[in-house]
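*Asks:* This is the structure I want to talk about, given as structure tokens.
The values are calculated or read from the model by the stated rules, or taken from the named source; none is laboratory data. Just so we're clear, the structure is a prediction, and the values are computed from it rather than from any experiment. In this analysis, Cβ positions are derived from the backbone assuming ideal geometry, glycine residues included, and neighbour counts consider all displayed protein chains.
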Amino acid sequence: MVAGTHFVFSAVLYLGGAASLNYDTDLISFAVAVLASLGPDIDLPTSKPGRIFFWLSTHLEKRFGHRTITHSYIGMLIVILLASPLWFYKPMYFWAVIGGYWSHIFIDMLNIRGVDLYWPSQVRVVMPAKRKYRIEVGSKAEMVLMAGLFAVAIALYPISSVGFKGGLQSLLQNFDIAYDDFMKQGGSHWYRLELKAIDNLTLQEIECECEVLGSWKNGLIVMYEGMPRAVGMSQAEHNLYPREARLLEGEELKVISQKVDMSGHSLRWLLSQVDKSKTYYLSGQLMVAESLRQVQDIDLYSPVRFSGNVLKLHYAREVELGRYLDLKASEGEVFIQYWLRVGDSGPVVVSGVIEDREVLPELLMRNL
């Protein structure tokens, strides 16, 4: 194949891989992959790499011939060894070299001659088996192939940054896709939900880009008009029924979770330990001696739920604690979950009171 065909085929593999495997793309690794796609032709003095490394290409052609050792598994192993230092510097560059080099060998199998993939064996690998369906180098058929690959690369470019699933989500605005993506990636970045929904209580239509806090009974908890609300398909368990939803990934998130033993303490005391200069949420369960007479909360999801002598917190803040502030716990634990952006300093911790852990407790990713 000519250099242009190798260029566009390596671009298709690079962008297609990003779309399906969700790795991050960048201009340098893309350039590395495209340039590496010319590597196997270093055994041909008239090729682009052959003219640059003429002293090596002349020797390789004389000693082995074209499309032999450099187009074989042995050639691939040599390239892997030569490129291996890149793995310790930036693995993406290593894979770009390997992928680009292999793309050349693979598409050369479509040529009439094929490649000596198992060199020094004389067996040649060709695709397809019938000669009349293979492509002659520089022919009109190759130009058509090159144009088709170029069109595919252009189509893959916008998808490569969001992936096939992300592209499908953008197209369909499907809540189930948004929910699945958050459950796989939640805790790594700040997320927002681009949402059109119906309030199950008032039947009001709402539209927002709501910050996503966590999950609740096969749905998501979002912050809507300053209040945590549950979004999901069950009218019996969620506040908002989604009509259209798309998950938007924001900047990197660092979560620091601090566990507090609440035995003998009140929520008012707990709030005195919270660094309120940071974004924080409280989750946990307390046993209290007092019982309160209360009307059942008509909200289907609430960050504070009191039943019998058990008080449950799920992404609660000071504003939601209200009447429960002075209840004293006989036992129980609460996690203070701090959400930090890149560059934010850690929260202020009172020594001996709070156990510091830079992890997201599994408890907080489940439904309480």
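*Asks:* Tell me which of these PRO128 doesn't satisfy, since it passes every other one: (1) under 21 Å from ALA11 (Cα atoms); (2) surrounded by fewer than 16 Cβ atoms within 10 Å (Cβ to Cβ); (3) under 38 Å from the mean Cα position of the chain (by Cα).
*Replies:* Of the numbered conditions (1) under 21 Å from ALA11 (Cα atoms); (2) surrounded by fewer than 16 Cβ atoms within 10 Å (Cβ to Cβ); (3) under 38 Å from the mean Cα position of the chain (by Cα), the odd one out for PRO128 is (1).
*Asks:* I'd like the residue in the range 183-199 that is of a type outside the set (D, E, K, R) and either at pLDDT 90 or above or in a strand (DSSP E or B) (or both) and, out of all such residues, is farthest from LEU240 (Cα to Cα). Even if it seems obvious, please write down each step before you answer.
*Replies:* Initial filter on the range 183-199 (of a type outside the set (D, E, K, R)): 183, 185-191, 193, 195, 197-198.
Subset that is either at pLDDT 90 or above or in a strand (DSSP E or B) (or both): 189-191, 193, 195, 197-198.
Values: HIS189: 23, TRP190: 21, TYR191: 18, LEU193: 12, LEU195: 10, ALA197: 6, ILE198: 6 Å.
Top of the filtered list is HIS189.
*Asks:* Quick check on my filter: what residues within the range 94-125 are in a loop (DSSP other than H, G, I, E, B), closer than 18 Å to PHE9 by Cβ and not β-branched (Val, Ile, Thr)? Even if it seems obvious, please write down each step before you answer.
*Replies:* Applying the first criterion (in a loop (DSSP other than H, G, I, E, B)) to the range 94-125 yields 109-110, 112-114, 116-124.
Pick out the ones that are also closer than 18 Å to PHE9 by Cβ and you get 109-110, 112-114, 117.
Listed by number, the residues that qualify are MET109, LEU110, ARG113, GLY114, LEU117.
*Asks:* Next up: Given the criteria in a strand (DSSP E or B), surrounded by 12 or more Cβ atoms within 10 Å (Cβ to Cβ), within 29 Å of the chain's Cα centre (by Cα) and at pLDDT 90 or above, does LEU311 qualify?
*Replies:* No.
*Asks:* Looking at the range 138-164, which of its residues are modelled with pLDDT under 90 and surrounded by 17 or more Cβ atoms within 10 Å (Cβ to Cβ)? So that I can check it myself, show each step before the final result.
*Replies:* First, pick out the residues of the range 138-164 that are modelled with pLDDT under 90: 138, 155-164.
LEU156, ILE159, SER160, GLY163 - these are the residues of the range 138-164 that are modelled with pLDDT under 90 and surrounded by 17 or more Cβ atoms within 10 Å (Cβ to Cβ).
*Asks:* Would you check if there is a residue in the range 346-368 being at pLDDT 80 or above, loosely packed, with under 15 Cβ neighbours inside 10 Å and not assigned by TED's automatic domain parsing to the domain that holds TYR179? Break it down into steps so the answer makes sense when it comes.
*Replies:* Within the range 346-368, the first condition is being at pLDDT 80 or above, and the residues that meet it are 347.
Okay, now just the ones that are also loosely packed, with under 15 Cβ neighbours inside 10 Å, so none.
Checking the range 346-368: not a single residue is at pLDDT 80 or above, loosely packed, with under 15 Cβ neighbours inside 10 Å and not assigned by TED's automatic domain parsing to the domain that holds TYR179.
*Asks:* With SER57, SER72 as the choices, which residue is hydroxyl-bearing (Ser, Thr, Tyr) and touching a strand residue (DSSP E or B) at 6+ places or on another chain (Cβ under 8 Å)?
*Replies:* Numbers: SER57 fails: touching a strand residue (DSSP E or B) at 6+ places or on another chain (Cβ under 8 Å).
Of SER57, SER72, the one residue that is hydroxyl-bearing (Ser, Thr, Tyr) and touching a strand residue (DSSP E or B) at 6+ places or on another chain (Cβ under 8 Å) is SER72.
Per-residue answers, yes or no, for (1) in contact with a Gly (Cβ under 9 Å, 6 or more places away or on another chain); (2) within 26 Å of TYR23 (Cβ to Cβ):
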site	(1), (2)
LEU38	yes, yes
GLY65	no, no
THR68	yes, no
PRO85	no, yes
TYR89	no, yes
TYR101	yes, yes
ILE107	no, yes
ALA129	no, no
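*Asks:* Within the range 234-251, work out how many residues are touching a helix residue (DSSP H, G or I) at 6+ places or on another chain (Cβ under 7 Å) and either exposed (fewer than 14 other Cβ atoms within 10 Å of the Cβ) or hydroxyl-bearing (Ser, Thr, Tyr) (or both).
*Replies:* Step one: of the range 234-251, the residues touching a helix residue (DSSP H, G or I) at 6+ places or on another chain (Cβ under 7 Å) are 242, 245-247.
Then keep just the ones that are either exposed (fewer than 14 other Cβ atoms within 10 Å of the Cβ) or hydroxyl-bearing (Ser, Thr, Tyr) (or both); that gives none.
Within the range 234-251, residues that are touching a helix residue (DSSP H, G or I) at 6+ places or on another chain (Cβ under 7 Å) and either exposed (fewer than 14 other Cβ atoms within 10 Å of the Cβ) or hydroxyl-bearing (Ser, Thr, Tyr) (or both) number 0.
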